[in-house]
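Have a look at the structure below, then the notes.
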Amino acid sequence: MRALLVLIPPLLLSLNAISFSVQATESWWLRTVFNSSPTQPSTQHYINDSDLMDCGESEGSLLCSDLTQYYDLDVYVELELASSSVEVVRFNLPYSSLSYTKLQAYLRQDGFALSSIRIGEDAFDVTAQLEQARNEGVGLDRVDKQLVEFINAPHHSSEHVSLWNVPSTPSPWIQLHRDGEHIMVELHRL
């Protein structure tokens with residue numbers, strides 16, 4: 001009996017490690033559709049995958065996932081399909097300041113840069129401000145400071161809509177929408 005009690009704790013620890021690693025992984029297909037590549041992924045790879053279910057009004061127009069992970073964030077993913085390619089990748093998650101901050105850091109890590117942000121009726125065009133700073137010979141850190149001041153200014157709306165792109169390319173681009181309860185990310189390819 002004593003030998004059995006000695007074996008149980010290491011067994012439980014190894015089972016916990018295995019279950020944690022399973023929970024912390026992304027679905028195999030997420031990185032193949034959500035990335036900074038301009039190439040539209042082919043629908044052939046996803047249409048019959050058991051991890052995705054047809055959830056559109058017309059068959060083969062929208063695929064949905066169960067809960068999966070984008071880095072360490074729990075998300076539900078939708079793939080909007082055209083005739084032969086994935087045109088829009090959309091995912092949703094509940095809003096929290098921490099998840100919103102992490103999401104922006106992960107977008108940067110994936111090669112996207114903030115190009116503009118609108119908070120309520122107020123807008124800040126990062127791309128235009130960077131161009132103006134270059135033309136005036138002013139340090140780009142001034143634009144960073146202005147952006148931080150804009151984001152931290154008292155706004156009457158909890159709705160934030162920001163556009164992200166891969167520098168020097170028109171596609172793909174991301175719209176990040178946040179309100180007081182939800183965050184929605186849409187990756188579009190031309």
Extension gain, His177 back to Ser158 (0.36 nm per residue minus Cα-Cα distance, nm): 5.8 nm
Unit charges on C-beta of K, R, D, E only; dipole of the chain, Debye: 760
Loop chymotrypsin sites (Phe, Trp or Tyr not before Pro), the range 19-101 (other Cβ atoms within 10 Å of the site Cβ: 11 or fewer; DSSP): Trp28
Inter-site label distance for Asp72 and Thr127 at 7 Å from Cα along Cβ, in nm: 3.3
Carbon + sulfur, % of accessible area of the range 82-187 - ligands and nucleic acids excluded, 1.4 Å: 52
Nearest-10 value in Å² for the accessible area of Asp110, using the 1.4 Å probe: 30
Cα-based helix-to-principal-axis angle, 141-152 vs the chain, degrees rounded to 10: 70
Label-point separation, Cys64 to Asp144 (7 Å along Cα→Cβ), nm: 4.2
Backbone HN-Hα couplings from phi across the range 124-139 [Karplus 6.51/-1.76/1.60, Hz, Gly and Pro as x]: 9, 9, 4, 4, 5, 5, 5, 4, 4, 4, 5, 5, 8, x, 9, x
Within the chain, helix-based [θ] at 222 nm, where runs of 4 or more DSSP H residues each add -39,500 (n - 2.57), nearest 500: -10000 deg cm²/dmol
3J(HN,Hα) from dihedral phi, the range 109-123, Karplus parametrisation 6.51/-1.76/1.60, rounded to Hz, x for glycine, proline: 4, 7, x, 9, 10, 5, 10, 6, 9, 10, 10, x, 9, 8, 10
In nm, spacing of pseudo-spin labels at His45 and Arg134 (7 Å Cα→C-beta vector): 3.2
Cα-based Kirkwood hydrodynamic radius, the chain, one decimal, Å: 19.0
Normalised contact order of the range 116-173, rounded percent, pairs of Cα under 8 Å and 6 or more residues apart: 41
Nearest-ten-degree value, helix 2-23 long axis tilted from longest Cα axis of the chain: 30
Residue-by-residue Karplus 3J(HN,Hα) for the range 161-169, coefficients 6.51, -1.76, 1.60, Hz, glycine and proline x: 10, 10, 10, 10, 9, 8, x, 6, 9
Given charges at Cβ of Lys, Arg, Asp, Glu: the range 56-110 dipole, positive-most of Ser96, Gly60, Tyr70: Ser96
Value of relative contact order over the chain, rounded to a whole percent, pairs C-alpha under 8 Å and six or more apart: 19
Highest-fluctuation residue, His156, His45, His177 considered, GNM on the chain with Cα pairs under 10 Å: His156
FRET efficiency estimate (nearest 0.05) - Cβ-Cβ, Glu26 to Ser84, R0 22 angstrom: 0.35
Most mobile of Pro41, Pro172, Pro154 in a GNM of the chain (Cα contacts under 10 Å): Pro154
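The values are calculated or read from the model by the stated rules, or taken from the named source; none is laboratory data. These numbers come from a predicted model, not from an experiment. Cβ coordinates were reconstructed from backbone atoms using ideal geometry, including for glycine residues, and neighbour counts include every protein chain displayed. The accessibility values were calculated without ligands, DNA or RNA, using every heavy atom of the protein model including side chains. Shrake-Rupley method; radii C 1.70, N 1.55, O 1.52, S 1.80 Å.
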